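Heads up, the thing below is written out as structure tokens.
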Amino acid sequence: MPLRKALESVVVRFAGDSGDGMQLTGSQFAQTTALAANDLATFPDFPAEIRAPTGTTYGVSAFQINFGGCAVGTAGDSPDVLVVLNPAALKVNLPMLREGGQLIVDGGSFTPRNLSRAGYTTNPLEDGTLDDYLLLNIDISGQTLEVARPLGLGQKDALRCKNMWVLGLIYWIYDRELQPTIDWLTDKFHDKPKLAAANIAAIQAGHAYAETAELGLLGYTVPSAPQQPGLHGLIGGSRALALGLASGAHLVDLPMMFCSYPITPASSLLHDLAAMPELEVTTFQAED
């Protein structure tokens, strides 16, 4: 086991295209972080567009998590670590990264076409733009294709596994267990065994790459946070809002009606409230 540096807390931000699975990546990291008994707060950051053109800054999706061995009250200000899976994600999120912070980049996505879509005239990996950061440039796309395509996936589906590859890398850096996410993937894709196998192979490959590659990567440990005895869990803002709205209406003995257009983040609030008819909550799915 390599020596690891102890940290009291750390802020990590994952960013990529809307189709790169950043919300899923962040939520799985949050789950394993909770299982490690760290305190945490998250901030899912996604565009208000239905789906912006692929590779553009308008379609960048991100997920930020602040976790530590102390009480954590916010999702953090400036990330200590920024993971970006395309040039557009770098352009949108780089101003947030603290000076000297760790920047992990999918260099395989920095093609002339993607650079142009993001509005770059030169490649920031080569022009000195990133000199103030600890840059880790990995061909994550290429690494993912190498492990996913032999399992029977086409290139498009194989590339969708790269969020799991980078999650495996981050799991190694912060000493997280793979098994909870492997179990989740097995359950999620129980009727699609090729997708399950490819995603599991990707997360294991990212973890192994971090452990064995000559990257000079430093691992970290974050101690457990002090907690009161009892049952602890995770709750998202939309779920908490749904419970608060339904509880408030119930306490003043008034029926409640919620009308929503079915798009994130309103969709999750709609789903949660629709599951509460016993509290006299009525939902209406509007079409515009």
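Table for the structure above
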item: Looking only at the range 202-222, and only at residues there that are part of a loop (DSSP other than H, G, I, E, B) and touching a strand residue (DSSP E or B) at 6+ places or on another chain (Cβ under 7 Å), the one that is modelled with the lowest pLDDT; result: LEU215
item: Of the criteria (1) without any contact (Cβ under 8 Å) to a residue 40 or more places away in the chain; (2) within 20 Å of LYS91 (Cβ to Cβ), which one GLY16 fails; result: (1)
item: Hits in the range 271-281 (condition: within 12 Å of LEU245 (Cα to Cα) and not in a loop (DSSP other than H, G, I, E, B)); result: ASP272, LEU273, LEU279, VAL281
item: Flag if GLN179 is surrounded by fewer than 11 Cβ atoms within 10 Å (Cβ to Cβ), out of contact with any Asp or Glu (no Cβ under 7 Å at 6 or more places or on another chain), polar (S, T, N, Q) and modelled with pLDDT of 90 or more; result: yes
item: In the range 216-241, residue nearest to the chain's Cα centre (by Cα) [restricted to those that are surrounded by 12 or more Cβ atoms within 10 Å (Cβ to Cβ) and of a type in the set (A, V, I, L, M, F, W, C)]; result: LEU234
item: Count - residues of the range 49-64 that are without any contact (Cβ under 8 Å) to a residue 60 or more places away in the chain and either assigned to a strand (DSSP E or B) or surrounded by fewer than 21 Cβ atoms within 10 Å (Cβ to Cβ) (or both); result: 9
item: Condition broken by GLY142, with the remaining ones in (1) within 24 Å of SER78 (Cα to Cα); (2) surrounded by fewer than 16 Cβ atoms within 10 Å (Cβ to Cβ); (3) not hydrophobic (A, V, I, L, M, F, W, C) satisfied; result: (1)
item: The range 77-99: number of residues that are part of a loop (DSSP other than H, G, I, E, B) and either under 20 Å from ASN137 (Cα atoms) or within 15 Å of the chain's Cα centre (by Cα) (or both); result: 7
item: Residue count, the range 133-147 (criterion: in a loop (DSSP other than H, G, I, E, B) and closer than 21 Å to TYR209 by Cα); result: 1
item: Test: residue in the range 244-253 that is at pLDDT 95 or above, touching a Leu at 6+ places or on another chain (Cβ under 7 Å) and not in a loop (DSSP other than H, G, I, E, B); result: no
item: Some residue of the range 110-132 being in contact (Cβ under 8 Å) with a residue 24 or more places away in the chain, under 28 Å from ALA6 (Cβ atoms) and assigned to a loop (DSSP other than H, G, I, E, B); result: yes
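Yes/no matrix, rows are residues, columns are (1) touching a residue at least 40 places away in the same chain (Cβ under 8 Å); (2) part of a strand (DSSP E or B):
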{"residue": "LEU24", "(1), (2)": "yes, no"}
{"residue": "THR32", "(1), (2)": "yes, no"}
{"residue": "PHE43", "(1), (2)": "no, yes"}
{"residue": "ASN66", "(1), (2)": "yes, yes"}
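Matching residues to (1) touching a Ser or Thr at 6+ places or on another chain (Cβ under 6 Å); (2) modelled with pLDDT under 90; (3) not basic (Lys, Arg):
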position	(1), (2), (3)
PRO226	no, yes, yes
SER238	yes, yes, yes
MET257	yes, no, yes
LEU279	no, yes, yes
THR282	no, no, yes
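The values are calculated or read from the model by the stated rules, or taken from the named source; none is laboratory data. Quick caveat, the model's predicted, so the values are computed rather than measured. Virtual Cβ from ideal backbone geometry, glycine too; neighbours counted across all protein chains shown.
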